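Working notes, structure below.
The values are calculated or read from the model by the stated rules, or taken from the named source; none is laboratory data. Not measured: the values here are computed from a predicted model. When we count neighbours, we look across all protein chains shown, and the Cβ atoms used for this are built from the backbone with ideal geometry, even at glycine.
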Amino acid sequence: MASPSICFGYETALQILRTTDPRERTLLRSGAHTMPDRAPSMCAFRQALESLETLHPSMMLEQPVHLLVSRVSQCRSTSAFTVRACKTIVQGRPLHRLGNGAYVSAAPLAFVHIAAQETSMIALLELGYELCGSYQTRRTGTSSAYQVEPLSSIHALADFATRNPSLRGATKAAKTLRYLADNSASPRETKKAILLGLPMMYGGYGLGIPRMNYEVKANPAARALTGKSCFRCDLCWPEAKLDVEYQSRESHSGEEKRIEDSRRTNALASMGWTVVSVTNDELDSLVATDAIADRIRKHLGKRSQVRVANYHSRKLKLRRQLGLPIGYD
């Protein structure tokens, strides 16, 4: 592939991927890819933006945008763009073609580049869950929305990191993947999965990362009770038949919804499943979260022995990093 004339990366790439039609861009074939050898002039940059706005009317770009080049000597910043060096020849499928010589990093490349500069593992985890989930936030440069297509998957992120071990950020990204899950449906589900699943050394409860929005097929009795052929479990440990449901105020309010939830819980119970509900207020309470984690731990048959120093302080730190209250109410 010939070197592109302009290539967007980092958070700018995620914003472009979120706000352009996937049918109007092309993921390049697997191979060896290089970045432009130099940044565009201001005039060329403005012309490129005008062209892209015509090709992709829905595209949003917050300036200064992040551009990628292959030479460190070409790194410079203006009010319109910041230039970052990517000297490594990148393997796999790291780029989408936008048109007219413009390219954008695929989500795995953007994730690795962001990992290289991100000092917080928790912030990187939250980004990974969002990329592999069905929601979006300002973290990827757009307004909040739900039921959107994932930008990536754990498999795609892992495959890219494996193909590009010398790329700065790849090692950190690969280490993060062991604590990621596909299919999170909301930021609060993500926070709950991180809290419950992370090892105690990071301030989590050490319960293991759950499967998220996991589909459980209904047996005939459960189907007769609910009229549903399957159930989707927010946080799920399938081997233990445990479903932890996040009861948000918006999606679980009203008498009709309460009746539906009750029938669902009874149907799963008839199949040998245990359902644990977590409300917004409980997630915001350290004491309540502790109690819920203890119940889950007992169901999973895990020991409650703490083997790390200053565990309480680590728990408080993790809650702060996730933006959760640290009070005891």
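A few notes on this one:
- Among (1) exposed (fewer than 14 other Cβ atoms within 10 Å of the Cβ); (2) in the same structural domain as TYR205 (by TED's automatic domain parsing), the one test that ASP284 misses: (1)
- The single residue among LEU98, LEU124 that is aliphatic (A, V, I, L, M) and surrounded by fewer than 24 Cβ atoms within 10 Å (Cβ to Cβ) turns out to be LEU124.
- Selected residue (only one of GLU149, GLU118, GLU189 is surrounded by 23 or more Cβ atoms within 10 Å (Cβ to Cβ) and modelled with pLDDT of 95 or more): GLU189
- Selection within the stretch 222-237 - exposed (fewer than 14 other Cβ atoms within 10 Å of the Cβ) and either in a helix (DSSP H, G or I) or of a type in the set (Phe, Trp, Tyr) (or both): ALA224
- The listed residues are ARG258, ARG297, ARG303, ARG319, and the only one of them that is more than 23 Å from the chain's Cα centre (by Cα) and buried (at least 16 other Cβ atoms within 10 Å of the Cβ) turns out to be ARG297.
Here is a yes/no grid of residues against (1) within 23 Å of SER304 (Cα to Cα); (2) in contact with a Leu (Cβ under 9 Å, 6 or more places away or on another chain); (3) outside the structural domain of ILE122 (by TED's automatic domain parsing):
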site	(1), (2), (3)
SER134	no, no, no
SER144	no, no, no
ASN164	no, yes, no
ILE209	yes, yes, yes
ARG232	no, no, yes
CYS236	yes, yes, yes
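- Residue count for the stretch 43-62, restricted to those that are loosely packed, with under 13 Cβ neighbours inside 10 Å and either touching a residue at least 60 places away in the same chain (Cβ under 8 Å) or not assigned by TED's automatic domain parsing to the domain that holds ALA13 (or both): 1
- Of the criteria (1) under 24 Å from THR142 (Cα atoms); (2) under 25 Å from the mean Cα position of the chain (by Cα), which one GLY99 fails: (2)
- Here is the figure for the stretch 248-271: residues that are within 21 Å of GLU282 (Cβ to Cβ), at pLDDT 85 or above and not acidic (Asp, Glu) total 5.
- Among the residues of the stretch 247-261, none qualifies, meaning not one is part of a strand (DSSP E or B) and touching a residue at least 60 places away in the same chain (Cβ under 8 Å).
- Scan of the stretch 290-323 for residues that are closer than 19 Å to ALA240 by Cβ and either part of a helix (DSSP H, G or I) or of a type in the set (A, V, I, L, M, F, W, C) (or both), ordered by number: ALA291, ILE292, ALA293, ASP294, ARG295, ILE296, ARG297, LYS298, HIS299, LEU300
- Hits in the stretch 164-180 (condition: under 18 Å from GLN91 (Cβ atoms), among the hydrophobic types (A, V, I, L, M, F, W, C) and not in a helix (DSSP H, G or I)): LEU167
- Output for the stretch 119-143, where each listed residue is assigned to a loop (DSSP other than H, G, I, E, B) and in contact (Cβ under 8 Å) with a residue 24 or more places away in the chain: SER120, CYS132, GLY133, SER134, THR137, GLY141, THR142
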